[in-house]
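Colleague: After the C-alpha cells below, expect a handful of questions from me.
The values are calculated or read from the model by the stated rules, or taken from the named source; none is laboratory data. Here the structure is a predicted model, which means the values were calculated and not measured. Note that each Cβ is placed from the backbone with ideal geometry, even for glycine, and that neighbours are counted across all protein chains shown. When the accessible area is computed, the model is the full protein with side chains, heavy atoms only, and any ligands, DNA or RNA have been set aside. Shrake-Rupley method; radii C 1.70, N 1.55, O 1.52, S 1.80 Å.
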Amino acid sequence: MRAVLVGPPGAGKGTQAQILASELSIPKVSTGDIFRANVSGGTELGNLAKSYMDRGDLVPDEVTNAMVRDRLAEPDAREGFLLDGFPRNVAQAEWLNKMLDDSGRALDVVLELKVDEEEVVKRLSGRRTCRGCGHVQHVAYDPPKREGVCDVCGGELFQRDDDREETIRHRLDVYREQTEPLVSFYANEGLLTAIEATGAVDEVTRRALEVLRARD
Ligand code: AP5
Ligand code: ZN
C-alpha cells in the first residue's frame, strides 16, 4: 500500500501515521520528523531547514524532494509506505507522481484528515514531544502520567519551536494557500478520501483503517 496523509498542522497526521503504519506493516515517512532529526543532529540539511521551519514556512521543494527520493529508494519502502507531511504543495505532488511513475509505482490512496482551525490551535498549543523517542502527547487530551515525562520511554517532553501561537497561525495560512489545493488535485485523480479527524484517537484510527484497507 502506498498512501499519503493530508491535513492541516495538528490534524493528527503524525499520531495516526505512527499507528496506521504499524497496523499496515509499512514504513511511515514523515518529512517533518526527518527534518527535525537533521536539525537536532546539526547536519547541513538540518541547518538549512531550520530557519524555514522556525518561521512555519515550507522548506524549498528541491531540498525536500531530494530527501524523499532518497528515503523512498530504501529497501523497506519498496513495497509500500505511508507519507506524512509530503507532498505539501502541487509542485511536490506532481514531482512525486513522476518519480513513482519512473520506477513503475503509483499511489493507492490519499487520506485527508479534516479538523477545524480552532481545534487545531488547541491541539498544537498543548502538544508536547519526547526528546528521547519522538512520542507525541498533549497536556490536556493525552496528559503524561508524570508532568513533563514521556509515557513511553521516560524521556523529557518539550514544546516544538513552531508550536507558538503566532507561528501556528502562519502555518495555517501556509496550509490554506499551498497545501489545501492538493485536496482537489488528488480528488481529480480519483485518489482522495476524507474522514473527520475529531473524536478520540482510536476512533479516528478506526475510520482511517476502514478507508485504507478498502483501497489496499
Ligand atoms: P510537520 O512536522 O509535518 O508539521 P505539520 O504538518 O504542521 O504537522 P504537525 O506535526 O504539526 O501536526 P500533526 O498533524 O502531525 O499532528 P499530531 O499528530 O502531532 O512539518 C513541520 C515543518 O517542517 C513545516 O512547517 C515545514 O517547515 C517543514 N516541512 C515538513 N514537510 C515539508 C514538505 N513536504 N515541504 C516543505 N517543508 C516541509 O497531533 C497534534 C496534537 O494533537 C498532539 O499533541 C496530539 O497528541 C493531539 N491529538 C492528535 N489526535 C488527537 C485526537 N483525535 N484528539 C485529541 N488530540 C489529538
Ligand atoms: Zn519517549
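Colleague: For segment 25-38, enumerate the residues that are surrounded by fewer than 18 Cβ atoms within 10 Å (Cβ to Cβ) and either hydrophobic (A, V, I, L, M, F, W, C) or not in a loop (DSSP other than H, G, I, E, B) (or both).
Modeller: D33, A37 - these are the residues of segment 25-38 that are surrounded by fewer than 18 Cβ atoms within 10 Å (Cβ to Cβ) and either hydrophobic (A, V, I, L, M, F, W, C) or not in a loop (DSSP other than H, G, I, E, B) (or both).
Colleague: For V63, only one of the following conditions fails: (1) in a helix (DSSP H, G or I); (2) within 15 Å of ligand 1 (Cβ to nearest atom); (3) open to solvent by 40 Å² or more (accessible area, probe 1.4 Å); (4) over 23 Å from Q16 (Cβ atoms). What is its number?
Modeller: Every condition holds for V63 apart from (3).
Colleague: Another question about this same structure. Determine whether segment 151-159 contains at least one residue that is touching a residue at least 40 places away in the same chain (Cβ under 8 Å) and within 12 Å of ligand 1 (Cβ to nearest atom).
Modeller: Scanning segment 151-159, I find no residue that is touching a residue at least 40 places away in the same chain (Cβ under 8 Å) and within 12 Å of ligand 1 (Cβ to nearest atom), so the answer is no.
Colleague: Could you please give the count of residues in segment 121-136 that are in a helix (DSSP H, G or I) and over 20 Å from I19 (Cα atoms)?
Modeller: Qualifying residue count for the region: 3.
Colleague: Quick check: is even one residue across segment 132-140 buried (at least 18 other Cβ atoms within 10 Å of the Cβ) and more than 10 Å from ligand 1 (Cβ to nearest atom)?
Modeller: no
Colleague: Is it the case that some residue within segment 71-92 is free of Cβ contacts under 8 Å to residues at least 12 places away in the same chain and open to solvent by less than 50 Å² (accessible area, probe 1.4 Å)?
Modeller: No, segment 71-92 has no match at all.
Colleague: Moving to a separate point now. List the number of the failed condition for E44; all other conditions in (1) in contact (Cβ under 8 Å) with a residue 12 or more places away in the chain; (2) exposed (fewer than 15 other Cβ atoms within 10 Å of the Cβ); (3) not hydroxyl-bearing (S, T, Y) hold.
Modeller: Failed condition: (1).
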